[in-house]
Amino acid sequence: MCAQQTLVAFKPDAIENAVVGQILSRFENEGLQVHEMKTVDVSDELLERHYNEHVGESYYPGLVEYMQERPVIACLLEGEDAVSRVRELLGDTDPAVAEPGTIRGDFGSDSFTEADRDGRAVRNLVHASATTDEAEKEIELWF
Ligand code: CDP
Ligand code: MG
């Protein structure tokens, strides 16, 4: 166990569906605290660096379009084992596969299959750093 910081970003669908408060409560109820929070109008450059390993994938243009639908809310969360705990609370990347009780499982309604068919990115409400290395890189990038 160790105190960590992780980067969470509320994606456009979380804001549009007005579930930011409910999702943030889940983190806070688990003892994770908001250290910093701000609205970010994400540029092409920021996305390219943030989603570097996805550049060139078929869904990348759709991912950029999705993330630029409206300003997102970036949040620096802090707590014991924050990186892995936030990812556990989020659930699988694919909302159709995410377990009930997880954020993407409970609030998400999209699926990889459906998104694939329409040639867009999957809408899954929240981004969170997947590893401590990623968290370090993303916090530097966003804050
Ligand atoms: O967000 P997470 O770390 O769980 O997943 P990722 O594999 O790092 O992918 C980043 C984001 O790209 C996902 O959250 C999706 O919005 C999108 N994506 C997609 O639309 N289709 C894929 N096959 C993979 C990712
Ligand atoms: Mg990821």
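Accessible-area rank, largest first, for Glu28, Glu78: Glu28, Glu78, with all protein chains present and a 1.4 angstrom probe. Against the criterion of solvent-accessible heavy-atom surface with a 1.4 angstrom probe, Thr102, Thr39 sort, most first, into Thr39, Thr102.
Computed from backbone phi with θ = phi - 60° and the Karplus coefficients 6.51, -1.76 and 1.60, the 3J(HN,Hα) list for segment 103-115 is 4, 5, x, 8, 9, x, 9, 8, 8, 4, 4, 4, 4 Hz; x is used for glycine and proline. Inter-label distance, Asp118 to Ser58: 1.7 nm, where each label sits 7 Å from its Cα along the C-beta direction. Across the chain, Cα-Cα pairs farther apart than 25 Å form 21% of the total.
Give the shape of segment 81-143 as rounded, prolate or oblate, defined through the alpha-carbon gyration tensor: a ≥ b ≥ c are the square roots of its eigenvalues, a/c under 1.5 means rounded, and otherwise the shape is prolate if a/b is larger than b/c and oblate if not. Because a/c hits 1.5 or more and a/b fails to exceed b/c, segment 81-143 counts as oblate.
Here the peptides 109-118, 80-89 are ranked by packing, the mean other Cβ count within 10 Å, and the order with the highest first is 80-89, 109-118. Looking at segment 1-47, the accessible area is 54 square angstrom per residue; that uses a 1.4 Å probe and ignores ligands, DNA and RNA. Note on segment 1-85: the alpha carbon radius of gyration divided by the globular reference 2.2 N^0.38 Å gives 1.18. In segment 60-115, the convex hull through the Cα atoms has an average projected area of 4.8 nm², a quarter of its surface area. For the chain, the fraction of 1.4 Å probe accessible surface lying on carbon and sulfur atoms is 44 percent.
The values are calculated or read from the model by the stated rules, or taken from the named source; none is laboratory data. The model shown is predicted, which means the values in this text are computed figures rather than measured ones. Here the Cβ is made from the backbone with ideal geometry for all residues, glycine too, and neighbour counts use every protein chain on show. Ligands, DNA and RNA are stripped out before the accessible areas are found, and what is left, the full protein with its side chains, is counted by its heavy atoms. Shrake-Rupley method; radii C 1.70, N 1.55, O 1.52, S 1.80 Å.
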